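Written below as structure tokens is the structure these notes are about.
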Amino acid sequence: MRFLPSLLVALFVLTVSVSAQSVPLIRTGDSFEMRLSGMPAEFAAEFAIPYTVGAEGTVNIPLIGETKVVGMTANQVERAVQNKLMADKIFTKPTVIINLNQTARFVSIGGGVRSPQRIQWSQDLTLSVAIENVGGLDDYGKEKGVRLIRDGKIVEQYDLRILRKDPSRDPRLLPGDQVYVPK
């Protein structure tokens with residue numbers, strides 16, 4: 001009974017980390033719109049322009065200047081802009097909403113699959129679904145040791161047989177992920 005609080009904390013941390021991994025991060029070249037409220041409309045209109053993340057990972061926000069946004073989620077950017085506007089005493093209670101423009105994001109699937117290629121990413125795309133989308137394993141593809149590569153690092157290796165038996169273990173993919181099926 002005394003282990004129950006520890007178990008609940010562990011489950012909460014696991015749930016938060018899994019849900020956070022399925023939210024895409026803002027990348028260089030992404031574009032978004034920003035809407036503000038909690039201030040006079042004429043000031044809010046200054047912010048209602050399209051923003052594109054530059055090569056340095058920043059955007060130029062009126063009254064704030066260059067702000068680093070690459071690697072952040074839309075919610076993190078909202079909070080950062082709100083906090084900066086309040087900390088600099090520009091506005092007392094601003095509300096910031098970021099709407100990421102839907103740009104094509106991809107996942108690369110290669111190795112022992114029938115049709116190695118990049119496929120369009122969606123929030124519900126999982127490892128096994130991505131492999132099926134490229135025609136499944138070819139005659140030499142191995143089910144064991146399938147590598148998920150994220151940001152140039154092997155995140156984990158998977159056994160497709162286990163994922164078929166327990167779909168809850170099938171990892172969701174993120175834009176830019178690479179999947180390599182060994183031969």
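Tabulated values for the structure
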item: Residue that is farthest from Thr103 (Cα to Cα), among those in the stretch 28-43 that are open to solvent by less than 60 Å² (accessible area, probe 1.4 Å) and hydrophobic (A, V, I, L, M, F, W, C); result: Met39
item: Sole residue being open to solvent by 20 Å² or more (accessible area, probe 1.4 Å), polar (S, T, N, Q) and not in a loop (DSSP other than H, G, I, E, B), chosen from Ser108, Ser115, Ser122; result: Ser108
item: Set Ile26, Ile64, Ile98, Ile90: member being modelled with pLDDT under 95, more than 30 Å from Ile154 (Cα to Cα) and within 18 Å of the chain's Cα centre (by Cα); result: Ile98
item: Residue tally, condition open to solvent by less than 20 Å² (accessible area, probe 1.4 Å) and either free of Cβ contacts under 8 Å to residues at least 24 places away in the same chain or under 18 Å from Gln157 (Cβ atoms) (or both), over the stretch 127-140; result: 4
item: Residue in the stretch 44-53 that is open to solvent by 80 Å² or more (accessible area, probe 1.4 Å) and of a type in the set (Ser, Thr, Tyr) present; result: yes
item: Residues (within 20 Å of Leu25 (Cα to Cα), of a type outside the set (Lys, Arg) and out of contact with any Lys or Arg (no Cβ under 8 Å at 6 or more places or on another chain)) located in the stretch 100-126; result: Leu100, Asn101, Gln102, Thr103, Ala104, Ile119, Ser122
item: Subset of the stretch 76-124 [of a type in the set (Val, Ile, Thr) and under 30 Å from Phe47 (Cβ atoms)]; result: Val77, Val81, Ile90, Thr92, Thr95, Val96, Ile97, Ile98, Thr103
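The values are calculated or read from the model by the stated rules, or taken from the named source; none is laboratory data. The structure displayed is predicted, hence computed values, not measured ones. Note: ideal-geometry Cβ built from the backbone for every residue, glycine included; neighbour counts use all protein chains shown. Ligands, DNA and RNA are stripped out before the accessible areas are found, and what is left, the full protein with its side chains, is counted by its heavy atoms. Shrake-Rupley method; radii C 1.70, N 1.55, O 1.52, S 1.80 Å.
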